[in-house]
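Data block below; observations after.
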Amino acid sequence: MIDAEDKPTAGQAEKRLFIKTYGCQMNVYDSERMADVLRPLGYAPTDTPEDADFVILNTCHIREKAAEKVYSELGKLRVLKEEKALDGRGAMTIAVAGCVAQAEGEEIMRRQPAVDLVVGPQAYHQLPELLTRTARARGERIGADFAPNAKFDALTNDKIGARGVKGPTAFLTVQEGCDKFCTFCVVPYTRGAEWSRPAADILTEARELAARGVREVTLLGQNVNAYDGAGPDGAVWTLARLAYGLAEIEGLDRIRYTTSHPNDMGDDLIAAHAELDAMMPYLHLPVQSGSDRLLRLMNRKHGRQKYFDLIDRIRAARPDMALSGDFIVGFPGETDRDFEDTLDLVRRVNYASAFSFIYSPRPGTPAATMAAQVEPHVASARLQALQALLFEQQVAFNQSQAGKVLPVLFERKGRHGRQAIGRSPYLQSVYVEDADHLMGRIVPVRVERGQQNSLTGALVDESLDALKQRAPAAQALGLQA
Ligand code: SAH
Ligand code: SF4
Ligand code: F3S
């Protein structure tokens, strides 16, 4: 019998937890926090469902394929659960969390009887309590109401102990939900209304992360740049104000944030990129389409010219800014001409990396019932053409780094020898030999080659400070050797 009051003791048998995460970075953050709330109950993570007592699927509802994957995974888990029960390996509890849980909780319970509980994105802090109840009766479904404040209040150190930290980088949710209602998107329905965490709580979490060796945080929100949390000084803080606060934390050298909406890109945030060394020169700024007609149908609330103007202002503040975006092809009614406008926008902006998707009709969203759904083979051909162009730009961007000296934050060991893998300021993976002693440090690396998805480089016989002094204006980034 599991009790929420149980604390792991030396003699207590360890229980094993397996979490499989789908979807966006916020789900990654949420999965880590689920592990955190379950740790005081004696649950330790495991890499396979086979030896797990508790399996959680943290799901994504954004496209049909993502949602359907969950049901096929559940089918496999059901077999495993039955086998374990039969050969005496004990009970296995199965939970479905995340955005599919929120959107289709009842359907999950109906389609897959092996599922013990369903918990939405704002309710996972209740997992300990739910587990206790499930031990008595199956079939709890929690999370139809959105109350992110209650969740975050339950996730503090004094309640569940320190956050688990994996290496020198960490995600940190600062904003959740979306009020934008793009006509194709389920997120406003699965994550609820826009809500910002109080700045003091974020600063506390960031300080704790820094104290445990985290050098880089990625601030997360469905519309992260719409952040408007209560500041410790009583004022409303913007994301820019928050970034200035975070930049003061000792040891926290790099700040990233995702995902931003073009309409919420404030001047103060753009200025922060010019003023703060810690603000990394990489920005994920989805536009979805280059056609004004489609942007209207998508309810994106801005046109292509506004996006171009914004990019100009960002590049004026930070000329080396690497841009990334999301694109949807095959949105209902998309013509060849509309698609040409998207290719034209991509050519003009020149992305360092990007994600592109074929439109997937989602139940309950306005676009799903729009006339003129695009033929699948047309959408596929457009996706191929768009991805070829984006890929070309990505390769060219990576190749353009050759010869530069970049500060690299080393995150993990490579596959062979003493190779280590880190990140450039522009979020590229950088492979360096004989560098595995530098884990968690930011070190200058001379880029030798840019490949499709990564850079290869070598350590430079110079300190980061010396490099900064040679070119102080370059903010220690993109320094020419
Ligand atoms: N909040 C972010 C992104 C949310 S979802 C934003 O406003 O941009 C991540 C990406 O998935 C979106 O940017 C979009 O490109 C894609 N996406 C969302 N709904 C989709 C759908 N129904 N079909 C295909 N792609 C979709
Ligand atoms: Fe979805 Fe649009 Fe909100 Fe992004 S801004 S989460 S695409 S509704
Ligand atoms: Fe997917 Fe939910 Fe994130 S639908 S993209 S997991 S917000």
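Here are some notes:
- Residue match in region 77-94 (condition: surrounded by 21 or more Cβ atoms within 10 Å (Cβ to Cβ) and under 22 Å from the mean Cα position of the chain (by Cα)): no
- Taking region 59-99 as the range and being within 16 Å of ligand 1 (Cβ to nearest atom) and in contact with a helix residue (DSSP H, G or I) (Cβ under 6 Å, 6 or more places away or on another chain) as the test, the residues that pass are T59, C60, H61, A67, G98, C99.
- Residue that is farthest from ligand 2 (Cβ to nearest atom) [pool: residues in region 161-210 that are in a loop (DSSP other than H, G, I, E, B) and touching a His at 6+ places or on another chain (Cβ under 7 Å)]: V186
- Hits in region 360-404 (condition: charged (D, E, K, R) and more than 16 Å from ligand 3 (Cβ to nearest atom)): E375, R382, E392, K404
- Exclusive hit being aliphatic (A, V, I, L, M), in contact (Cβ under 8 Å) with a residue 60 or more places away in the chain and under 30 Å from R207 (Cα atoms), set M298, M321, M280: M280
- Selection of region 151-196 for residues being within 16 Å of ligand 1 (Cβ to nearest atom), in contact with a strand residue (DSSP E or B) (Cβ under 9 Å, 6 or more places away or on another chain) and on the phi > 0 side of the Ramachandran plot yields G177, G192.
- Scanning region 39-97 for residues that are of a type in the set (V, I, T) and assigned to a helix (DSSP H, G or I), we see that the one that is farthest from P113 (Cα to Cα) is V70.
- Listed conditions (1) surrounded by fewer than 19 Cβ atoms within 10 Å (Cβ to Cβ); (2) within 16 Å of M321 (Cα to Cα) are all met by V236, apart from (2).
- Any chance R89 is free of Cβ contacts under 8 Å to residues at least 24 places away in the same chain and under 29 Å from E176 (Cα atoms): no
- Qualifying residues in region 100-121 (those that are within 16 Å of ligand 3 (Cβ to nearest atom) and assigned to a loop (DSSP other than H, G, I, E, B)) - the one farthest from F152 (Cα to Cα): G120
- Residue pairs whose Cβ atoms lie under 9 Å apart, separated by 6 or more positions or on different chains, with the first residue in region 54-68 and free of Cβ contacts under 8 Å to residues at least 40 places away in the same chain and the second within 14 Å of ligand 2 (Cβ to nearest atom) and not in a loop (DSSP other than H, G, I, E, B), are A67/C99; A67/A103.
- In region 422-442, residue nearest to the chain's Cα centre (by Cα) [restricted to those that are closer than 18 Å to V217 by Cα and surrounded by fewer than 19 Cβ atoms within 10 Å (Cβ to Cβ)]: L427
- Check on F146, within 16 Å of ligand 2 (Cβ to nearest atom), modelled with pLDDT under 95 and not in a strand (DSSP E or B): yes
- When H302, H261 are screened for being in contact with a Cys (Cβ under 9 Å, 6 or more places away or on another chain), farther than 22 Å from N398 by Cα and modelled with pLDDT of 95 or more, only H261 passes.
- Of note, V395 does not satisfy the criterion of being more than 22 Å from I255 (Cβ to Cβ), surrounded by 17 or more Cβ atoms within 10 Å (Cβ to Cβ) and either among the β-branched types (V, I, T) or touching a residue at least 60 places away in the same chain (Cβ under 8 Å) (or both).
- F397 vs. criteria under 30 Å from V165 (Cβ atoms) and of a type in the set (F, W, Y): no
The values are calculated or read from the model by the stated rules, or taken from the named source; none is laboratory data. All figures in this text were calculated on a predicted structure; none of them were measured in a lab. Here Cβ is always computed from backbone atoms with ideal geometry, including for glycine, and neighbour counts include all displayed protein chains.
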